[in-house]
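Participant: The structure follows.
The values are calculated or read from the model by the stated rules, or taken from the named source; none is laboratory data. Just so it is clear, the structure is predicted and the values come from calculations on it, not from any experiment. Quick reminder, even Gly has a Cβ in these numbers, built from the backbone with ideal geometry, and neighbours come from all protein chains shown. We work out accessible area using only protein heavy atoms, side chains counted, and drop any ligands, DNA or RNA first. Shrake-Rupley method; radii C 1.70, N 1.55, O 1.52, S 1.80 Å.
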Amino acid sequence: SHGDGHPTNTDTPLVVWGAGVQHPKPISETNHSDCGFLFIDEHAHDMPTPSEWGLNGIERVDVNQADIAPLMSTLLGLPCPVNSVGNLPLEYINMNEAENAEALLANTKQILNQFLRKSHIKQTNSFYFKPFKPLVHYSSILDRIEGLISLRDYEMAMKLSENLRSLALQGLHYFQTYDWLMLMSVITLGYIGWMISLLLHVLRSYTSLSRDILQGPAFHQGNNTRKVYLSGCLLMGVVSIKFILEHSPPLYHAYIAMTVFLWTQILSEYQFVLALWRHICSRKFSYIVKLLIISAVSILILELLVNSFTKRELYTWCFLSAGVIASLFLFKTVPWRSGIPIFVLIACWFLSVFTLMPAEIPDNNQLVVASGAVIIIIGAVARWLDMHAAGNKYWLSICNLGMGKARFPMLFHIQALLVGLASVMVWLSTSHRTEKQELLLVHQLINWSIAGFSMVMPLFSENGLLSRLTSIFLGFAPPFLLLSIGYEAVFYSALALVLMSWILFENALLHLSTGKRLSTYSTNMEGLIILENDNRYLQLSDVRIPLIFLVLFNVAFFGTGNFASIASFEISSVYRFITVFSPFLMAALLIFKLFIPFLLVICTFSAITKLLRVPRLGCYFLVILLSDVMTIHFFFLVRNKGSWMEIGNSISHFGIMSAQVVFVLLLFALTNIYTKDIQIFRSASTSSRKVM
């Protein structure tokens, strides 16, 4: 908890003694300090003093850290540091009223000069300068204070000095944030422009709108498009010249260039946007209501994800609710005898427990070893279903039936053996460490070999959806177990069960929609439009796929710790691989452990896009679009006041969401090695529809 806002981390004893220092005073009604004043961390002016200090009954005078600089300067008889923003705490100084007034005026002038310097720099470099209005006539206020001191009205002079000092600090903040409105507006417009560009690209390339709208006569790109590009270039040129003349930082040019470029691209497609608007308005009222409901639910889920960065417990309620809703839906869709609704309910409720557990994972070696047995059992059940679920049509698409004989019949047994060996090595390596014994080199070699060999095995598994995903689950289990120290090993199995529930849910939806399309085939052809690579067009209901992916992607991290700081993950988990201090290798192992649950989620996402025959790249663009909605929210939550942890976390959350787009793409490329060969068994009716 280093750097958080707790008093044990922010309260520091301040002891002042020597010439010119005020004696301690007893607490009384007359000399009690102003309790209404709040500090940077928002605690009251004089908090209760701990009884063990033995200072009961003596007035406690708290100060901000910055206030110590003017206090030291005054006691030494030196000028305040030029960049100090501290307020002189007169309660610590034992001087007469005249000296107090002069010291306070010197403190005020020092802060005021900072304000004047910033004002002068900004005025010199600005075409249209907006001054800080409360201090336009600061010189008359200074003259009045000096006049009051000469008239020996020290009390009034000190009050005016304090007011002027407060205004000077507000003015400093005004000029420090002078460009905030412009910068935040430009960056926000840039994000909105990026999201609109993505949305237009998805609508053009991956939906049936390309058939319904783009084939009309209104899409002849003429001179208007060239005028839009020319206007964008002129605007960019004018703004760049303005920034150059104002000596603005280079990043200002980058922000405005990206924003102008994106909005130029959007405006160049204004014909498509107008046609899209007319198309939406021409649809039935029920379609518009459906569109609004899906948009509202999507924003609600994204806001829940934003708040989950600080409140992991939200995932508990999320999965408790999801388990009930999904199981009720499946109960009406799938026969109860299949057991699928019960499985989905139990899996979601099981995963909901983990976000209630502490982020600091306690050591529990027995739990890690037992998790290995649980992983083998889950793998064995999935293997049995893959081989014996021929009679159930709801399992047909995801099983390995009709795809030929297995290439490596013993592969499952080898993978189960490797998981068992990993569990044994967890127990052996941990027992050596707890008994203060050196981890033998042969143990390290065995651990590295098990982890490396097991991750290659899924490449040789069958191509069926359930076969390949089960093999991936078993393949990444040994390295995850070897890097686990507690309950996160059980979380790996719980996450896999929920991912399986997602596949079963989508499979049930697929059969439900297939039945409806067969019954209305003669009148409705929309569901049968085929893109290249045997994919269909995206539909409005497909928004659920990237939404569920984002929820599972985030819970893959939050299930075992804190998204904002890698320090909340126990470094001792890497000791089974390396015992010599090597920060880069240790960090790499730790990050790899954090990425393993991500890999499972992305492999499942890729498999579902194959199952539903939706374009994976189109779904990825929707993931980016939804992630950017969260990024904008985090952009406005970035703080520059508070404790180190509060400021750092707010920046980390924004940075993580901004980077998520990039490392999701990298993980997509990595997992494609495992998922590109997955084949979906289609029934005869599906094949005949494709031919038709």
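Participant: From the list Ser643, Ser685, Ser606, which one is farther than 25 Å from Asn307 by Cβ, small (Gly, Ala, Ser) and modelled with pLDDT under 85?
Facilitator: Numbers: Ser643 fails: farther than 25 Å from Asn307 by Cβ; Ser606 fails: modelled with pLDDT under 85.
Of Ser643, Ser685, Ser606, the one residue that is farther than 25 Å from Asn307 by Cβ, small (Gly, Ala, Ser) and modelled with pLDDT under 85 is Ser685.
Participant: All but one of (1) closer than 30 Å to Ser240 by Cα; (2) of a type outside the set (A, V, I, L, M, F, W, C); (3) in a loop (DSSP other than H, G, I, E, B) hold for Lys122; which doesn't?
Facilitator: Against the list (1) closer than 30 Å to Ser240 by Cα; (2) of a type outside the set (A, V, I, L, M, F, W, C); (3) in a loop (DSSP other than H, G, I, E, B), Lys122 comes up short only on (3).
Participant: Another question about this same structure. Identify the single condition in (1) of a type in the set (Lys, Arg); (2) open to solvent by 40 Å² or more (accessible area, probe 1.4 Å); (3) within 30 Å of Arg433 (Cα to Cα) that Lys593 does not satisfy, given that it satisfies every other one.
Facilitator: Of everything listed in (1) of a type in the set (Lys, Arg); (2) open to solvent by 40 Å² or more (accessible area, probe 1.4 Å); (3) within 30 Å of Arg433 (Cα to Cα), Lys593 misses just condition (2).
Participant: Would you point out which residue out of Asp628, Asp677 is at pLDDT 90 or above and acidic (Asp, Glu)? Full working, then the answer.
Facilitator: On the way: Asp677 fails: at pLDDT 90 or above.
None of the other options fit; the residue is Asp628.
Participant: Kindly list the number of the only condition in (1) within 29 Å of Pro26 (Cβ to Cβ); (2) in contact (Cβ under 8 Å) with a residue 40 or more places away in the chain; (3) open to solvent by less than 30 Å² (accessible area, probe 1.4 Å) that fails for Ala103.
Facilitator: Only one criterion is unmet by Ala103, namely (2).
Participant: Quick one: which residue in Val490, Val456 is assigned to a helix (DSSP H, G or I), modelled with pLDDT under 95 and farther than 22 Å from Ile342 by Cβ?
Facilitator: Values: Val490 fails: farther than 22 Å from Ile342 by Cβ.
Within the list Val490, Val456, the selection yields Val456.
Participant: Taking the criterion of being within 20 Å of the chain's Cα centre (by Cα) and at pLDDT 85 or above, would at least one residue in region 275-298 satisfy it?
Facilitator: From region 275-298, those within 20 Å of the chain's Cα centre (by Cα) are 297-298; that's our starting set.
Pick out the ones that are also at pLDDT 85 or above and you get 297-298.
Yes: region 275-298 contains one or more residues that are within 20 Å of the chain's Cα centre (by Cα) and at pLDDT 85 or above.
Participant: Further question: (1) outside any loop (DSSP other than H, G, I, E, B); (2) exposed (fewer than 12 other Cβ atoms within 10 Å of the Cβ): which one isn't true of Asn56, the others all being true?
Facilitator: So Asn56 meets the others, but not (1).
Participant: Output yes when any residue across region 211-223 is surrounded by fewer than 12 Cβ atoms within 10 Å (Cβ to Cβ), modelled with pLDDT under 85, polar (S, T, N, Q) and in a helix (DSSP H, G or I), and no when none is. Full working, then the answer.
Facilitator: To start, the set of residues in region 211-223 that are surrounded by fewer than 12 Cβ atoms within 10 Å (Cβ to Cβ) comprises 211, 215-218, 220-223.
Filter once more, keeping what is modelled with pLDDT under 85: 211, 215-218, 220-223.
Still in the list and also polar (S, T, N, Q): 215, 221, 223.
The next check asks that each one be in a helix (DSSP H, G or I); those that pass are 223.
So far as region 211-223 goes, yes, one or more of its residues are surrounded by fewer than 12 Cβ atoms within 10 Å (Cβ to Cβ), modelled with pLDDT under 85, polar (S, T, N, Q) and in a helix (DSSP H, G or I).
Participant: Pairs, please: C-beta under 7 Å, at least 6 apart or cross-chain, first residue in contact (Cβ under 8 Å) with a residue 40 or more places away in the chain and in region 626-654, second open to solvent by 80 Å² or more (accessible area, probe 1.4 Å) and in a loop (DSSP other than H, G, I, E, B)?
Facilitator: Listed pairs, sorted by first residue: Lys641/Ile40; Glu646/Arg639.
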